[in-house]
Amino acid sequence: MTASVTAARPPSDITKRSLPASLVIHALLIAASILMVYPLLWMVSASVRPETEIFSSTSLIPSSIDFSSYARGWVGLDVSFGRFFWNSLVISLLVVTGNVIACSLTAFAFARLRFAGRNFWFAIMLGTLMIPYHVTLIPQYVLFLNLGWVNTILPLVVPKFLASDAFFIFLMVQFFRGIPRELDEAAMMDGCSAWRIYWKIMLPLSLPVLATAAIFSFIWTWDDFFGPLIYLNDMNTYTIQLGLRTFVDSTSASDWGGLFAMSTLTLVPVFFFFLFFQRLLIEGIATTGMKR
């Protein structure tokens, strides 16, 4: 009865009734968006303000535009900020490569191969997600110290080639399980080995989830501060996050203009990386764990 009454109403009445609610919802969403974006816009605005006006106003429009903070921030430290960019880029790309290769191989084994204790080891792998990073920090540091890897990028990169990120393994396992097993069986009948099935079938069909893992790996590594802080001591090996920290000095004057200018530049690679792979990222998240 209710459905018939609703269907009998003119579309204009339904539109008129829902219009005020829609306007209120959109106004609230716009206000929330402005509230979240404001700190980012203020940082960009502060990077082109004169040094004396950075903390004197909350307006997003500077009284005058001054790009000297960018030049001062780029070469104002003992090491050029370009060096920090290069270090972060090398570490991030190596981490992306390690995670995509090692995690996809491990996920393929859990999703497609049959071996003794597979469910047990899969449960152990998932259990590592519940272990806080700080619990394993000291044992890892002692291990890398004995190996002579401290003050190098090896502690930040090598574990990624050993499938240490259980989150990405689980993500790929769920995606691989959604690919029909008939493809594997047909390939095996044609004489394909497990390696060829992984390389020729699974990887080409898994581009969305691989791109998702690559994007998250890049962003998390690019933004990581704690890991480089623990293992990198030489300023020539600093990443951009450690480089930004050097602009703030508790014992002397801090270069806030240079800090905001370099902080703005550090967002550019992440922004374009996400922009170019946004479609694959959304597709990978939407299809992971779904049956096809």
- Query: How large is ³J(HN,Hα) for each residue in region 262-277, as worked out from phi by the Karplus curve 6.51 cos²θ - 1.76 cosθ + 1.60 (θ = phi - 60°), to whole Hz, x for Gly and Pro?
  - Reply: 6, 5, 5, 5, 5, 7, 5, x, 5, 4, 6, 4, 5, 5, 6, 10
- Message: Ordering S88, S33, S56 by accessible area with a probe of 1.4 Å, largest first, what comes out?
- Response: S56, S33, S88
- Item | Helical contribution to [θ] at 222 nm, DSSP H n ≥ 4, -39,500 (n - 2.57), averaged over the chain, rounded to 500 | -21500 deg cm²/dmol
- Residues F161 and V79, FRET efficiency given R0 of 35 Å [Cβ-Cβ distance, rounded to 0.05]: 0.80
- Query: Magnitude of the Cβ-charge dipole of region 129-273, K/R +1 and D/E -1, about the Cα centre, nearest 20 debye?
  - Reply: 200
- Which of L232, T221, P204, positive extreme of dipole for region 165-238 (C-beta unit charges): P204
- Which percent of the accessible heavy-atom area of region 70-179 goes to carbon and sulfur, probe 1.4 angstrom? 71
- FRET efficiency, 1/(1 + (r/R0)^6) with R0 45 Å, evaluated for W199 and I65 via beta carbons: 0.30
- Message: At a threshold of 8 angstrom on Cα-Cα distance, excluding pairs fewer than six apart, so keeping six or more, what relative contact order does the chain reach in percent?
- Response: 29
- Query: Taking the structure as given and computing log10 I(q)/I(0) by the Debye sum over Cα atoms at q = 0.09 Å⁻¹, which label from [x] -0.39; [y] -0.67; [z] -0.46 fits?
  - Reply: [y]
- Rank I201, I61 by accessible area, highest first, at a 1.4 Å probe radius? I61, I201
- Item | Using θ = phi - 60° and Karplus 6.51 cos²θ - 1.76 cosθ + 1.60, couplings along region 95-109 (whole Hz; Gly, Pro as x) | 5, 4, 4, x, 5, 5, 6, 5, 5, 5, 5, 5, 5, 4, 5
- Query: So how strong a dipole does region 171-254 carry about its Cα centre when Lys and Arg Cβ are +1 and Asp and Glu Cβ are -1, to the nearest 20 debye?
  - Reply: 140
- Using the Karplus curve 6.51 cos²θ - 1.76 cosθ + 1.60 with θ = phi - 60°, work out ³J(HN,Hα) for each residue of region 62-79 in order, rounded to whole Hz, and write x for Gly and Pro. x, 5, 8, 9, 9, 8, 5, 5, 5, 5, 5, x, 5, 10, x, 9, 5, 10
- the chain - accessible surface per residue (Å², probe 1.4 Å): 59
- Size of the dipole of the chain about the Cα centre, Lys and Arg at +1 and Asp and Glu at -1 on the beta carbon, nothing else charged, in debye to 20? 1140
- Note on the structure: Descending accessible area (1.4 Å probe), largest on the left, turns E53, E185 into E185, E53
- Give me the accessible area of V135, 1.4 Å probe, in Å² rounded to the nearest 10. 90
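The values are calculated or read from the model by the stated rules, or taken from the named source; none is laboratory data. Computed from a prediction, not measured in an experiment: that's the story for all the values here. Cβ atoms come from the backbone with ideal geometry, glycine included; neighbour counts cover every protein chain shown. Accessible surface is based on the protein model in full, side chains and every heavy atom, while ligands, DNA and RNA are left aside. Shrake-Rupley method; radii C 1.70, N 1.55, O 1.52, S 1.80 Å.
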